[in-house]
Structure formats: C-alpha cells, structure tokens
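K.L.:
Let me give you the structure first, and then I'll get to my questions.
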Amino acid sequence: MTTPHAHITLLDACSVVNLYATRRMDQILVAIGGPVAVADIVEREAQYVFQGGDGEDAREREAIDLQPWVSQGMLSLIEATHEEELLTFIDLTQELDDGEAMTAALAMHRGFTVVTDDRKAIRVLTSRAVPLRGTLDLVKTWADQQAFESETLCVVLTDLRERGNYYPSRNHPLRRWWDTALNLS
C-alpha cells in the first residue's frame with residue numbers, strides 16, 4: 001500500500017487549528033525539520049481559532065489563513081491523485097471526519113507521518129500502523145530548540161489551550177511537561 005515518497009509530515013485539521021492557535025506556527029513548522037503538508041480538504045476544513053484571553057471577545061473567531069506559509073514554501077497542499085487514495089478516503093469517512101479521513105488515506109498510501117490530536121483518528125491510524133505525532137510533541141520539539149524564557153512557553157501553551165481549545169489528557173505522555181510549563185503542578 002505504501003509507495004516511496006520523500007518523508008512528509010502531514011497535518012490534519014485539528015493539528016492545523018492547534019498549531020495556528022499558538023501564534024508560532026511558522027517557527028514550529030521549521031522545527032519539524034522536513035517537508036510539512038496538509039491535504040487540500042484540510043485547508044478548507046480548518047477555518048478558525050478563538051481570540052483567547054479574558055475579555056468579552058475571547059470566544060470570537062479568528063480566520064485561519066495558511067497561504068502565507070504555502071507561498072513561502074513552508075507548507076504544501078496535497079490532493080489525492082490516485083483512485084486507491086480516493087477509495088481509502090471514502091472507506092475512512094465511515095469512521096472519521098473528511099479532513100482526518102483524507103489525511104489518513106494520503107498517509108497510508110504515501111508513507112507519510114500524520115500529526116493529529118483527534119482520539120478517534122489516533123485509534124484508527126494506530127490500528128493501520130501509520131506513524132503518528134501530536135501537536136504537543138511538535139510544540140515541545142520547537143521549545144527544546146529555542147532559548148527563551150519560560151514565560152514565553154507559558155504564553156504559547158496558554159494560547160494553545162484558549163485559542164485552540166486544546167488540553168492534553170491525564171495519560172498524555174507530555175502532560176507533566178504541559179503542567180510544569182503552565183505552572184499547574
């Protein structure tokens with residue numbers, strides 16, 4: 001099922017929302033250390049993040065615009081081009097939302113790594129032996145490469161929580177790191 005392609009990290013819709021919410025998506029994309037892409041359907045599906053903060057506008061929506069990173073070559077848009085990919089996509093839509101299903105289908109056929117935080121997608125992709133990463137893993141990789149104050153990381157994780165509506169589960173492997181960075185432990 002897998003065909004040889006350059007190793008690509010493929011973001012699904014929830015990871016796009018979460019990375020965009022950090023306000024540091026460009027830096028995090030660079031920290032991944034290789035080509036990063038999204039399925040064309042994901043670009044249309046990942047539409048907004050919340051403003052965040054404590055004010056009355058905290059739950060107002062901010063549109064997600066990936067085009068600056070696409071124009072700079074930091075992010076590629078990929079579409080299904082083979083019948084097998086489309087058939088797998090159709091099959092996966094029985095279990096997953098369209099963006100996650102297309103991301104999974106492309107990864108399965110092209111040997112890509114998927115970045116997702118969707119529990120159902122993680123379960124489905126794990127059962128199909130697709131390599132996975134999560135948003136928090138990417139953020140930690142980026143943070144480990146930077147030399148900034150802990151307050152900066154706290155702001156980024158707060159944005160991830162408030163703007164992306166992200167919160168790692170109790171058994172998430174990076175939960176202790178999250179809690180420590182946000183002074184929750």
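The values are calculated or read from the model by the stated rules, or taken from the named source; none is laboratory data. These figures come from a predicted structure and were not determined experimentally. Backbone-built Cβ (ideal geometry, glycine too); neighbour counts: all protein chains shown. Just so you know, the surface numbers come from the protein's heavy atoms only, side chains and all, with ligands and any DNA or RNA stripped out. Shrake-Rupley method; radii C 1.70, N 1.55, O 1.52, S 1.80 Å.
K.L.:
Among the residues of the range 89-107, what is the count of those that are open to solvent by 20 Å² or more (accessible area, probe 1.4 Å) and either touching a residue at least 60 places away in the same chain (Cβ under 8 Å) or farther than 26 Å from Asp65 by Cα (or both)?
P.N.:
Summing the residues that are open to solvent by 20 Å² or more (accessible area, probe 1.4 Å) and either touching a residue at least 60 places away in the same chain (Cβ under 8 Å) or farther than 26 Å from Asp65 by Cα (or both) in the range 89-107 gives 5.
K.L.:
Still on this structure, I have one more. If we scan the range 168-183, do we find a residue that is touching a strand residue (DSSP E or B) at 6+ places or on another chain (Cβ under 7 Å) and either closer than 13 Å to Thr22 by Cβ or basic (Lys, Arg) (or both)?
P.N.:
No, the range 168-183 contains no residue that is touching a strand residue (DSSP E or B) at 6+ places or on another chain (Cβ under 7 Å) and either closer than 13 Å to Thr22 by Cβ or basic (Lys, Arg) (or both).
K.L.:
Something else about it: Pick from the range 148-165 the residues that are under 12 Å from Tyr20 (Cα atoms) and outside any helix (DSSP H, G or I): which of them is least open to solvent (accessible area, probe 1.4 Å)?
P.N.:
This residue is Gly164.
K.L.:
Given the conditions (1) part of a helix (DSSP H, G or I); (2) open to solvent by less than 80 Å² (accessible area, probe 1.4 Å); (3) more than 22 Å from Val30 (Cβ to Cβ), which single one is not true for His172?
P.N.:
(1)
K.L.:
Name the residue, out of Ala129, Ala80, that is open to solvent by 10 Å² or more (accessible area, probe 1.4 Å), touching a helix residue (DSSP H, G or I) at 6+ places or on another chain (Cβ under 6 Å) and in a loop (DSSP other than H, G, I, E, B).
P.N.:
Every option except Ala80 fails the conditions.
K.L.:
Further, regarding this structure: Does Ala6 count as at pLDDT below 95, of a type outside the set (Lys, Arg) and loosely packed, with under 12 Cβ neighbours inside 10 Å?
P.N.:
The answer is yes for Ala6.
Matching residues to (1) in contact with a strand residue (DSSP E or B) (Cβ under 8 Å, 6 or more places away or on another chain); (2) within 15 Å of Val42 (Cα to Cα); (3) not aliphatic (A, V, I, L, M):
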| position | (1), (2), (3) |
| --- | --- |
| Glu83 | no, no, yes |
| Gly99 | yes, yes, yes |
| His109 | no, no, yes |
| Phe112 | yes, no, yes |
| Val124 | no, no, no |
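K.L.:
Does the range 136-163 hold any residues that are closer than 19 Å to Ala46 by Cα and either in contact with a helix residue (DSSP H, G or I) (Cβ under 6 Å, 6 or more places away or on another chain) or at pLDDT 95 or above (or both), and which are they?
P.N.:
Once the filter is applied, which keeps residues that are closer than 19 Å to Ala46 by Cα and either in contact with a helix residue (DSSP H, G or I) (Cβ under 6 Å, 6 or more places away or on another chain) or at pLDDT 95 or above (or both), the range 136-163 yields Leu136, Leu138, Val139, Asp159, Leu160, Arg163.
K.L.:
Of the residues Gly33, Gly73, Gly134, which is open to solvent by 50 Å² or more (accessible area, probe 1.4 Å), under 16 Å from the mean Cα position of the chain (by Cα) and among the small types (Gly, Ala, Ser)?
P.N.:
On inspection, the qualifying residue turns out to be Gly33.
K.L.:
Does the range 108-120 contain at least one residue that is of a type in the set (Lys, Arg), more than 14 Å from the chain's Cα centre (by Cα), exposed (fewer than 15 other Cβ atoms within 10 Å of the Cβ) and within 19 Å of Val16 (Cα to Cα)?
P.N.:
yes
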